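Nothing in this text is a laboratory measurement; each read-out follows from the coordinates by a stated rule. Bear in mind the structure is a predicted one, so any value in this text is a computation, not a measurement. As a convention, Cβ positions derive from the backbone with ideal geometry for all residues, glycine included, and neighbour counts pool all protein chains shown.
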């Protein structure tokens with residue numbers, strides 16, 4: 001059920017609530033079809049995703065460096081920043 005992940009305002013629910021499948025779907029939707037499987041293999045759920053360091057993404061997932069850098073810089077880091085901001089408010 002794709003609709004449950006997007007709230008009415010078009011925002012994703014808090015990533016801390018994501019299941020492993022939500023994380024996988026998120027990266028598939030972001031265009032990382034091939035790499036999304038690595039999150040499944042490593043059982044990365046939303047809470048784990050928010051705890052990942054740059055090094056975890058680059059070395060812990062066994063994915064190519066180019067996509068790993070993009071995943072971290074454009075997805076993991078912004079999600080972490082957004083999560084911290086929304087919970088600090």
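Measuring from label point to label point, each 7 Å out along Cα→Cβ, what is the residue 55 to residue 30 span in nm? Here the modelled spin labels are 2.1 nm apart. Output the relative contact order of the chain, whole-number percent, from Cα pairs under 8 angstrom with separation of 6+ residues. Relative contact order, the chain: 25 percent. Considering the chain at the alpha-carbon level, its Rg and Dmax are found to be 12.5, 36 Å.
Enter the angle in degrees (range 0 to 90, nearest 10) between the Cα long axis of helix 77-88 and the first principal axis of the Cα atoms of the chain, meaning the one along which they spread out most. So the helix axis and the longest Cα principal axis differ by about 30 degrees. Note the angle between two axes, namely the Cα long axis of helix 20-29 and the longest principal axis of the Cα atoms of the chain, as a number of degrees from 0 to 90, rounded to the nearest 10. The helix 20-29 is inclined about 80 degrees to the chain.
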